[in-house]
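Heads up: the structure comes next, in structure tokens.
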Amino acid sequence: MKKIVLTFYILCLTCGVWAQLPEPPLADSIQNASQSDFLPDSIIEAPVQQSWPGNVVERLDRLMEEPLLKKTQLGLMVYDLTADSTIYRHGEKQTLRPASIMKVVTAVAALDRLGGNHKFRTLLYYKGQVADSVLKGDVYCVGGMDPLFDADDMKAFADSLRSLGITSISGRLIADTSMKDDTRLGEGWCWDDDNPTLTPLLIAEKDEFLRSFANVLRGQGIRVDSTLAEGVLPSGAVRIGSRSHLLEAVLQPMMKDSRNLYAEAMAYRLAASGGTRRASYAQARQYIRKLVGRLGLNAGEYKFADGSGLSLYNYVSAELMVSLLRYAYQNPRIYSSLYPSLPIAGQDGTLEKRMTDPVTRGRVRAKTGTLTGVSSLAGYCWTANNHLLCFCIINQGVMRNASGRDFQDKVCRTLCLP
């Protein structure tokens, strides 16, 4: 086995697939397990005679007889990245609602254009004069859609003012949110969902920036009698503070914990990458469509409505999702950030309590998705013979999302078994 893995690594490096290939999880427990230990009777009625991947195809064919699939829609595609070939497809071209696997679309597009080292910045300026410890002028907080901006960052802003000897502000505290448009909710979001507020200035993920800033300033001994207002940073303003977080840092909670706000923030950073103010999701959509076109697919066949998958207007296909995952794998700059951000089966994130058996635990890294009637899963998995696969499973029309999750777990077990 060690010789096989070593040969596989040498081939990958020789072919230039990528420089930092993740190590496959140990497969000893899988090699020693029988199929009957992990698959339901309906899948092992007859002994599998074929070698891999023919045996995988045969087992997946049997899964297609599940009662769930007789009354629901399924989009399924599995691609062997190691062998560079498609293993399985079923309804892979159907356009279905992605739910939160839409975050994979957002992540790949943002990493492709911006890179993992891109910074989400929040800036602090003032315009006026400081005399006798009094700022006679305005303080501007310029939002950059950073969902990670927290109390420590706010304290650093207050410290920036204190470092100038300011103990009182006679002007206004002004929020500059001109980085994006005025929309506060995404297109196609249900009004009764727990939706995030889409504003470029956030504190601990809440739309309470200026009020919180004023309170922190007072707590630092800086008198604030000024008005809280909105406006645009004027020319000639002096920058006195900057706080930032890397795109990679935003990506972790976005994917591991499926944080919708983080995905929307990333979509707007993508939208604003052209340098214009008042960015809208329509601009992010343009970049996504261009990427889809580069994959050899027709972007006009899909609908991209938001960054998180909350929208009921999103429509993708399993084929599109697999193409994006394959593209990410082929580009080290994307893959080195995307792969570690995905939930790990049986270990963390939204997959912590799923696929905990020895066959799949630690061997599946995938983004989950859940909406009413939709359950989805898309990502990567290591097979027992240490091939790396990418896959997408979308179950639509399911009355119980648990039924979709159960089916997806069976597919992943099938892929991981010898």
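What follows is calculated from the coordinates using simple rules that are stated; it is not laboratory data. On a predicted model such as this, the values are computed, not experimentally measured, just so you know. Neighbour counts are summed over all protein chains in view; Cβ atoms, including those assigned to glycine, are modelled from backbone coordinates with ideal geometry.
With K and R counted +1 and D and E -1, the other residues having a Cβ less than 15 Å from that of S317 yield a net charge of +3.
Largest GNM mean-square fluctuation among G143, G404, G296, using the chain with Cα springs under 10 Å: G296. With everything on Cα atoms, drop me the angle between helix 247-256 and the longest principal axis of the chain, reported from 0 to 90° to the nearest 10. It works out to around 50 degrees. Calculated on the Cα set of the stretch 282-338, radius of gyration then Dmax: 11.6, 32 Å. On a per residue basis, the convex hull of the C-alpha atoms belonging to the chain measures out at 148 Å³.
Relative to the longest principal Cα axis of the chain, at what angle does helix 151-162 sit, 0 to 90 degrees, rounded to 10? Between the helix axis and the principal axis of the chain, the angle is about 20 degrees. The trypsin sites (Lys or Arg not before Pro) found in the stretch 205-289 that occupy coil by DSSP, while having at most 13 further C-beta atoms within 10 Å, are R277, R278. The three principal axes of the Cα atoms in the stretch 119-251 give end-to-end lengths of 52, 28, 27 Å, sorted in falling order. A Gaussian network model of the chain, with springs between Cα atoms under 10 Å, assigns the largest mean-square fluctuation among A175, A151, A110 to A151.
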